[in-house]
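The values are calculated or read from the model by the stated rules, or taken from the named source; none is laboratory data. Not measured: the values here are computed from a predicted model. With ideal geometry, Cβ positions are generated from the backbone for all residues, glycine too; neighbour counts draw on all protein chains shown.
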Amino acid sequence: MATIILGAQWGDEGKGKLTDILAPEAQLCARAAGGHNAGHSIVANGVSYSFHLLPSGLVNPNCRNFIGSSVVAHIPSFFKELEELERKGLSNVHDRIFISDRVHIDLDLHVAVDGLEEVELGDRKVGTTGRGIGPAYSTKAARSGIRLAEVFNEELFESKLRRLASGYKKRYGDLLKYDVEEEIARFKTYRPNLRKYTVDAIAFMKDAQEKNTKILCEGANALMLDLDWGSYPYVTSSSTGIGGMVTGLALDIRKIGEVIGVVKAYTTRVGSGAFKTEDLGEIGQKLQERGREWGTSTGRTRRCGWLDLVVVKYTTDVNHYTALNLTKLDVLDTFPTIKIAIAYIDPVTGEKLDSYPASLDVLDRAEVVYHEMPGWNQSTTNVKTFEELPQAAQDYILYIEEFVGVKIKWVGTGPDRDAMITRF
């Protein structure tokens, strides 16, 4: 059976911690989409490991790991991460990672172009990580991208890369700082090393599922950054929800067990785009400082604000969670009053919006309706059971649970691995 872990907001919810907790039972940990723009840290046996492109199931020495077909893979980062994990003492990492021959290659060419596209957008820039993810997916959609399987055909690879580089050169001229011959030379060294990791994704996943392998599917980013369902155009370029998991890994939907939505106890996002509960004053600064809100992959500080249940309910309606993991509850320990967004109102019509709107105009003018609850004003850090939590903290959890209509099975109460309440 497959257990799927998905971000229920704009990412950075703390998915890695739950993945780490569930990974010991998993026989296969898989990434479906995205690239090395994702990132989280896991602490195991006193050692901190950072994951970006690679699945974090590599921490478990008995777990195989798979990079699925909808990922865009930056090959230098693939090898760099493996080397870092090996240097930190993880065993047999090179024997426990496999990558689909259908993944598209995120080239250094794409990285060079990424920044130029953001400059072109000016005030409308998306706020990308600058890792080449958008341009890589763009060439994939335009049917001019390069798949991993094509890397092993040296003549084909080089002709396609030169054609891509020529096209970008015509568009950007001297602004493009890139040497195609350097990248071709690098792939001459990558090519023989890549073979041992490369597999036919269909055969690989079919075999795993027919053997009833315990599969842990690790989401990257979150639903509000999904290309179809997110706050477009301020999104990533992949399918970050349940649909992306199924297609990116060729999952048998009859063998999906739990679909877990990870929800931070407040809201954060990086990059541009609407953020209706963002607080640019004291509250936002306090959340940022207490929550240590800066990115594992980029180091960028995150925008912060109150929990937005309009967003969480919307992502629930798309992803159909069977359980939730509420994270970083302890960050709210010192707030005398806590606010929760429960509705958006269109001031033009005076009507409550049915869901998170697709129209940016409607979204921008929408007014937020808040529900206020008393804070608990005492530490919840490292609390291990629901009953030990202050009553106000219990009430906060139960309110979220009832509003969203999904049971909160896990509650994070601190940065440590074991700072997690398990309910039910």
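Some notes on this structure:
- Remark: residue 367 falls outside the filter, which requires a residue to be touching a Ser or Thr at 6+ places or on another chain (Cβ under 9 Å), among the acidic types (Asp, Glu) and not assigned by TED's automatic domain parsing to the domain that holds residue 20.
- None of 216, 194, 227 is assigned to a loop (DSSP other than H, G, I, E, B) and not polar (S, T, N, Q) except 227.
- The listed residues are 338, 345, and the only one of them that is modelled with pLDDT of 95 or more, farther than 19 Å from residue 259 by Cβ, under 27 Å from the mean Cα position of the chain (by Cα) and surrounded by 14 or more Cβ atoms within 10 Å (Cβ to Cβ) turns out to be 338.
- The lone exception for residue 378 - which of (1) surrounded by 20 or more Cβ atoms within 10 Å (Cβ to Cβ); (2) in a loop (DSSP other than H, G, I, E, B) it fails: (1)
- Lone unmet requirement of (1) at pLDDT below 95; (2) under 29 Å from the mean Cα position of the chain (by Cα); (3) farther than 26 Å from residue 234 by Cβ; (4) not acidic (Asp, Glu) for residue 360: (3)
- Only listed residue being closer than 27 Å to residue 144 by Cα, aromatic (Phe, Trp, Tyr) and not assigned by TED's automatic domain parsing to the domain that holds residue 414, chosen from 51, 79: 79
- Residues in the stretch 34-51 that are more than 9 Å from the chain's Cα centre (by Cα), crowded, with 24+ Cβ neighbours inside 10 Å and either of a type in the set (A, V, I, L, M) or under 30 Å from residue 356 (Cα atoms) (or both): 35, 36.
- So residue 204, is it within 29 Å of the chain's Cα centre (by Cα), under 22 Å from residue 244 (Cα atoms) and either aromatic (Phe, Trp, Tyr) or not assigned by TED's automatic domain parsing to the domain that holds residue 18 (or both): yes
- Filter pass, residue 76 being outside any strand (DSSP E or B), farther than 18 Å from residue 204 by Cβ and at pLDDT 95 or above: yes
- One residue stands out in the stretch 121-173 among those that are hydrophobic (A, V, I, L, M, F, W, C) and at pLDDT below 95: the one that is surrounded by the fewest Cβ atoms within 10 Å (Cβ to Cβ), namely 121.
- Taking every residue in the stretch 358-387 that is closer than 25 Å to residue 414 by Cα and pairing it with any residue that is assigned to a strand (DSSP E or B) and among the basic types (Lys, Arg), at least 6 positions away or on another chain, the pairs with Cβ-Cβ distances below 6 Å are 372/339.
- One residue stands out among those in the stretch 52-67 that are surrounded by 19 or more Cβ atoms within 10 Å (Cβ to Cβ) and of a type in the set (S, T, N, Q): the one that is nearest to residue 94 (Cα to Cα), which is 65.
- From the options 109, 90, residue that is touching a Leu at 6+ places or on another chain (Cβ under 8 Å), part of a loop (DSSP other than H, G, I, E, B) and in contact (Cβ under 8 Å) with a residue 40 or more places away in the chain: 90
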